[in-house]
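The structure appears right after this line, and notes come after that.
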């Protein structure tokens, strides 16, 4: 197996080729590959050099450009208000999904909205590498639900839809204003082709809340951000883990262009591809829970072929990557098998 090839021997797809795939205007010479996006070599410790060399032998078919989104507690020295937590509340020591700092809507909402971070912060677009012919994707983590529970904590977030609907709408409205300004700057300052964000809305078996809750509290704000993204000539990419099949028709109606990952063991990829593959681009995520950490390299190759067979279409609308971040227990031979099989089997010749 070739693992020492150079990037030049396996060139990335062009910006226009990827736009054509996403818009359903035809496939490229091969299935677009973006495994690098979900692999951090530093997480592999002593094997980090081997992982970096392996990745360098395969194309990364877009440039990931990261917005400097506000942190929860720590603000940059040049703007003390550029953070979500304005009050230095002690959120540490709690579980991640319950470490929210806004404990009381009555006491805390007004100060939060008054001291809300500004998307005009100069450092927001500091990551601006020169273009190299690839598709440029502006990225940040935590869209609406994820940002909501990081502010309120998961228990509060899931009950607020019923107990405090006006306050939820007030917060989501301000988040929307922030995102709208951010993506406008992304287009003008970073020359982006697309926007990527995350909003994990599913568990292993279903969604966190009903479609009715999504329609009332999320759809209006998603639509504003997605519509503005399209007006600016960009695509909207969404990562959302778990079984989110109940929301798929809504994502399509709202204009989501690229959806990641269609998580293995929560949904049937063949059924999803048949039902929705002509209306939304699937950024298929290879299973990181079972197959790649515990399967053999041949198991990995077999699954790569199954995913490509399920999703590949003549009009494009399919790209391949990992389903989430590669964990340090990922065998290097399995990662190599994924890259090699995806590159070879994904070719249209």
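Structure summary
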quantity	calculated
Matching residues in the stretch 331-349 - criterion: being free of Cβ contacts under 8 Å to residues at least 60 places away in the same chain and touching a helix residue (DSSP H, G or I) at 6+ places or on another chain (Cβ under 7 Å)	333, 334, 341, 345
Considering residues of the stretch 267-279 that are surrounded by fewer than 18 Cβ atoms within 10 Å (Cβ to Cβ) and touching a helix residue (DSSP H, G or I) at 6+ places or on another chain (Cβ under 7 Å) only, the residue farthest from residue 315 (Cα to Cα)	267
Candidates 242, 186, 202, filtered to the one that is modelled with pLDDT of 95 or more and under 20 Å from residue 126 (Cα atoms)	186
Residues (surrounded by fewer than 20 Cβ atoms within 10 Å (Cβ to Cβ), at pLDDT 95 or above and in contact with a strand residue (DSSP E or B) (Cβ under 7 Å, 6 or more places away or on another chain)) located in the stretch 328-349	347
Subset of the stretch 189-246 (residues that are in contact with a strand residue (DSSP E or B) (Cβ under 6 Å, 6 or more places away or on another chain) and without any contact (Cβ under 8 Å) to a residue 40 or more places away in the chain)	226
Unique residue being within 21 Å of residue 31 (Cα to Cα), in a helix (DSSP H, G or I) and touching a helix residue (DSSP H, G or I) at 6+ places or on another chain (Cβ under 9 Å) when the list is 292, 282	292
Odd one out for residue 51, checked against (1) more than 22 Å from residue 285 (Cα to Cα); (2) crowded, with 20+ Cβ neighbours inside 10 Å	(1)
Hits in the stretch 309-327 (condition: assigned to a helix (DSSP H, G or I) and surrounded by fewer than 19 Cβ atoms within 10 Å (Cβ to Cβ))	309
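Here is a yes/no grid of residues against (1) part of a helix (DSSP H, G or I); (2) surrounded by fewer than 15 Cβ atoms within 10 Å (Cβ to Cβ); (3) touching a strand residue (DSSP E or B) at 6+ places or on another chain (Cβ under 7 Å):
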{"position": "117", "(1), (2), (3)": "no, no, yes"}
{"position": "120", "(1), (2), (3)": "no, yes, no"}
{"position": "124", "(1), (2), (3)": "yes, no, no"}
{"position": "138", "(1), (2), (3)": "no, no, yes"}
{"position": "160", "(1), (2), (3)": "yes, no, no"}
{"position": "185", "(1), (2), (3)": "yes, no, no"}
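Conditions tested, residue by residue: (1) assigned to a loop (DSSP other than H, G, I, E, B); (2) surrounded by fewer than 19 Cβ atoms within 10 Å (Cβ to Cβ); (3) without any contact (Cβ under 8 Å) to a residue 60 or more places away in the chain.
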site	(1), (2), (3)
94	yes, yes, yes
100	yes, no, yes
111	no, yes, yes
128	yes, yes, no
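The values are calculated or read from the model by the stated rules, or taken from the named source; none is laboratory data. Note that the structure is predicted; figures quoted are calculated from it, not measured. Cβ: placed from backbone, ideal geometry, glycine included. Neighbour counts: every protein chain shown.
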